[in-house]
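K.L.:
Input: one structure, supplied below.
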Amino acid sequence: MYATVGDLMGVAVVSVSGRQKAYTYLKETVLTDPEMQGVFLSEQEIADRIGVSRTPIREALLMLAAEELVELVPKRGARVAPLTGREIGELMELRGIVERYAARQVIAERRAPVAELRALLDRQRGLMGPEQAREFIAVDHLFHASMVAAVGNGLLERHYDGLRSRQVRTGVTALFAQQGRQEAVLVEHLAILEAIAAGDAEGACAAIDAHLASTLKVLLAG
């Protein structure tokens, strides 16, 4: 008996779904954890954890290797690629380019998401303490990403979202590298918010630069 087109499409959907589930789990959970840097990943353990076979895990790892988020080591498997000082510097540089552009655009076009930024900042204030570091930084990403999304450029938004796993990993690392870093982040975010709310593009860009420079300094010192 031959498989119908519907059968083949069903198999394809299941395959893509499993691969996407694995990809999302790895990128959003495993690769955002600073403690996983340099760790070799167990395909079977991950498969058991999220309820898929090892095949979509391998497919997801190939996708992540193409993004240079994992390294495929012959006879050893996949290892979470550590972030070097150079890569951290490049990440901050790229974030600065995108975030400054976003700030200028949303101010010029009067579409700044001030209420959303303020709500996210308030949410961060309720997430103080080391046990909430991951959630604090997840909201940190949303703070910056919401400004980029407000530009209305889908390609730019997807490009910026591609930085998320590195951004969260470095953010959590910075929180643990310096005492009082969470409080400093709140102050730096408030400076960005106030400049955007005031329609001060240059002030917003300066505040973004100061925030990223502060984070970079903490990371490189650690």
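K.L.:
Return yes when Thr55 is touching a Ser or Thr at 6+ places or on another chain (Cβ under 6 Å), surrounded by 14 or more Cβ atoms within 10 Å (Cβ to Cβ) and either hydroxyl-bearing (Ser, Thr, Tyr) or under 22 Å from Glu135 (Cα atoms) (or both) and no when it is not.
P.N.:
Criteria not met by Thr55.
K.L.:
Continuing with the same structure: Looking only at residues in region 67-96 that are more than 17 Å from the chain's Cα centre (by Cα) and part of a helix (DSSP H, G or I), which one is surrounded by the fewest Cβ atoms within 10 Å (Cβ to Cβ)?
P.N.:
Residue satisfying both the conditions and the ranking: Arg86.
K.L.:
A follow-up question, please. Just to be sure before I move on: is Ile137 more than 18 Å from Ala207 (Cβ to Cβ) and aliphatic (A, V, I, L, M) in the structure I sent?
P.N.:
Yes, satisfied.
K.L.:
Collect the residues in region 144-170 that are in contact with a Lys or Arg (Cβ under 9 Å, 6 or more places away or on another chain) and buried (at least 16 other Cβ atoms within 10 Å of the Cβ), keeping them in residue-number order.
P.N.:
His144, Ala145, Ala150, Val151, Tyr160, Leu163, Arg164, Ser165, Gln167, Val168
K.L.:
Among the listed residues Gln44, Gln37, which satisfies the condition of being at pLDDT below 90 and either surrounded by 17 or more Cβ atoms within 10 Å (Cβ to Cβ) or not assigned by TED's automatic domain parsing to the domain that holds Phe176 (or both)?
P.N.:
The conditions single out Gln37.
K.L.:
For region 200-222, give me each residue that is under 19 Å from Leu121 (Cβ atoms) and either over 21 Å from the mean Cα position of the chain (by Cα) or outside any helix (DSSP H, G or I) (or both).
P.N.:
Scanning region 200-222 gives Asp200, Gly203, Ala204, Ala206.
K.L.:
Moving on to the next point. Checking the structure you have, find out if any residue of region 113-131 is surrounded by 21 or more Cβ atoms within 10 Å (Cβ to Cβ), of a type outside the set (A, V, I, L, M) and modelled with pLDDT of 95 or more.
P.N.:
yes
One line per residue, one yes/no per condition, for (1) of a type outside the set (Val, Ile, Thr); (2) in contact with a Pro (Cβ under 7 Å, 6 or more places away or on another chain); (3) within 22 Å of Asp161 (Cβ to Cβ); (4) modelled with pLDDT of 95 or more:
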{"site": "Arg79", "(1), (2), (3), (4)": "yes, no, no, no"}
{"site": "Glu93", "(1), (2), (3), (4)": "yes, no, yes, yes"}
{"site": "Ala103", "(1), (2), (3), (4)": "yes, no, yes, yes"}
{"site": "Ala108", "(1), (2), (3), (4)": "yes, no, no, yes"}
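K.L.:
Residue pairs, Cβ under 6 Å, 6 or more apart or interchain, first in region 106-118 and assigned to a loop (DSSP other than H, G, I, E, B), second at pLDDT 95 or above. List them.
P.N.:
What qualifies is Arg111/Ala150; Ala112/Val106; Ala112/Ile196; Pro113/Ser146; Pro113/Ala150.
K.L.:
Follow-up question, since we're still on this one. Looking only at region 95-144, which residues are more than 15 Å from Gly199 (Cβ to Cβ) and of a type in the set (S, T, N, Q)?
P.N.:
Selection gives Gln124, Gln132.
K.L.:
Next up: Return the residues of region 152-199 that are modelled with pLDDT under 95 and either outside any helix (DSSP H, G or I) or not assigned by TED's automatic domain parsing to the domain that holds Glu116 (or both); say none if nothing qualifies.
P.N.:
Gly162, Leu163, Gln178, Gln179, Gly180
The values are calculated or read from the model by the stated rules, or taken from the named source; none is laboratory data. This one's a predicted model, so the numbers in the text were calculated from it and none came from an experiment. Virtual Cβ from ideal backbone geometry, glycine too; neighbours counted across all protein chains shown.
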